[in-house]
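The values are calculated or read from the model by the stated rules, or taken from the named source; none is laboratory data. Just so it is clear, the model here is predicted, and its values are computed rather than measured. With ideal geometry, Cβ positions are generated from the backbone for all residues, glycine too; neighbour counts draw on all protein chains shown.
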Amino acid sequence: VEWYDDAAANTGFEIKTATANKEKLEATIGEEAAEISAAGTKIEELAGSIGTDEADLKSATSVREKETADFTASETELMDVIETLGRAITVIEREMAKNPAAFAQTDTKT
């Protein structure tokens with residue numbers, strides 16, 4: 001009978017210990033479920049932010065490409081003008097060497 005009482009008492013203690021462990025584990029599960037939910041919300045926010053950032057990047061890239069095309073066109077035009085002015089200066093210098101007074105301003109009113 002004594003052996004039975006000891007076994008019953010040990011079993012009772014084991015049940016209490018297991019019940020306490022179960023409650024701790026259930027609390028931990030609840031905490032982790034809350035963290036999972038919060039992480040899921042954060043992931044959704046970040047995914048939305050990434051989508052917005054990608055759209056902004058695409059828009060900025062488009063603007064930069066247009067600006068590059070405009071700059072290239074302006075640069076080409078300016079380089080052509082500079083080349084034309086260089087040739088005009090060469091022609092004027094050549095003509096001035098032939099006849100230095102060719103471009104002199106004279107008063108023709110008198």
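Things worth noting here:
- Note on region 65-110: among residues that are not β-branched (V, I, T) and not in a helix (DSSP H, G or I), the one that is modelled with the lowest pLDDT is Q105.
- Among the candidates T68, T84, T72, T61, residue that is of a type in the set (V, I, T), surrounded by 10 or more Cβ atoms within 10 Å (Cβ to Cβ) and within 18 Å of the chain's Cα centre (by Cα): T61
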